[in-house]
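The values are calculated or read from the model by the stated rules, or taken from the named source; none is laboratory data. Here the structure is a predicted model, which is why all the values come from computation and not from measurement. Virtual Cβ from ideal backbone geometry, glycine too; neighbours counted across all protein chains shown. Surface accessibility is based on the protein's heavy atoms, side chains included, excluding ligands, DNA and RNA. Shrake-Rupley method; radii C 1.70, N 1.55, O 1.52, S 1.80 Å.
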Amino acid sequence: MTNVTSIPPGAPFLSVLVDRLLSGDLIHGFGPDHDPLALANVTIWLPTRRAVRELSSEFVSRLNTKSTLLPDIRALGDSEDDDLIPPASADSRNQPVGSIDRQLILGQLIYAWARN
């Protein structure tokens with residue numbers, strides 16, 4: 001058995017992932033009659049927090065009649081897609097300084113302090 005698997009393009013990724021995980025096709029020996037705590041030993045990495053929420057919902061909808069622990073589902077990205085777009089009515093004077101701007105300002109202050 002290989003450790004590499006794929007999901008066909010165009011297939012609903014999260015649904016197929018949950019199907020294959022719960023059926024035992026993805027992890028050898030892990031199937032429909034699995035231990036309810038077995039999912040807790042699985043870690044799944046996804047690109048965004050939105051995908052994490054959707055996969056969690058997919059697991060809950062599939063396991064609604066069974067008591068089990070969900071896998072550890074983590075996001076690779078730190079920001080949500082919607083966080084990158086400012087709200088239309090945002091007042092720029094009251095917006096927090098971004099991390100890059102904050103680091104640049106701090107760098108300038110440190111440089112000025114070091115010169116004195």
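So, residue 15, is that one exposed (fewer than 12 other Cβ atoms within 10 Å of the Cβ), at pLDDT 80 or above and either among the hydrophobic types (A, V, I, L, M, F, W, C) or over 30 Å from residue 99 (Cα atoms) (or both) or not?
no
Any residue in the range 21-48 that's modelled with pLDDT of 85 or more: show its pairings with residues that are open to solvent by 50 Å² or more (accessible area, probe 1.4 Å) and part of a helix (DSSP H, G or I) at Cβ separation under 7 Å, as long as the two are six or more apart or on different chains.
48/81
Please enumerate the residues belonging to the range 43-55 that are out of contact with any Pro (no Cβ under 6 Å at 6 or more places or on another chain) and within 14 Å of residue 22 (Cβ to Cβ).
55
I want to confirm something. Restricting to the range 95-107 and keeping residues that are in a helix (DSSP H, G or I) and loosely packed, with under 10 Cβ neighbours inside 10 Å, which single residue is modelled with the lowest pLDDT?
Ranking the qualifying residues of the range 95-107, first place goes to 99.
Would you please name the residue that is modelled with the highest pLDDT, looking only at residues in the range 70-94 that are outside any helix (DSSP H, G or I), open to solvent by 90 Å² or more (accessible area, probe 1.4 Å) and not charged (D, E, K, R)?
Restricting to residues being outside any helix (DSSP H, G or I), open to solvent by 90 Å² or more (accessible area, probe 1.4 Å) and not charged (D, E, K, R), the top hit is 76.
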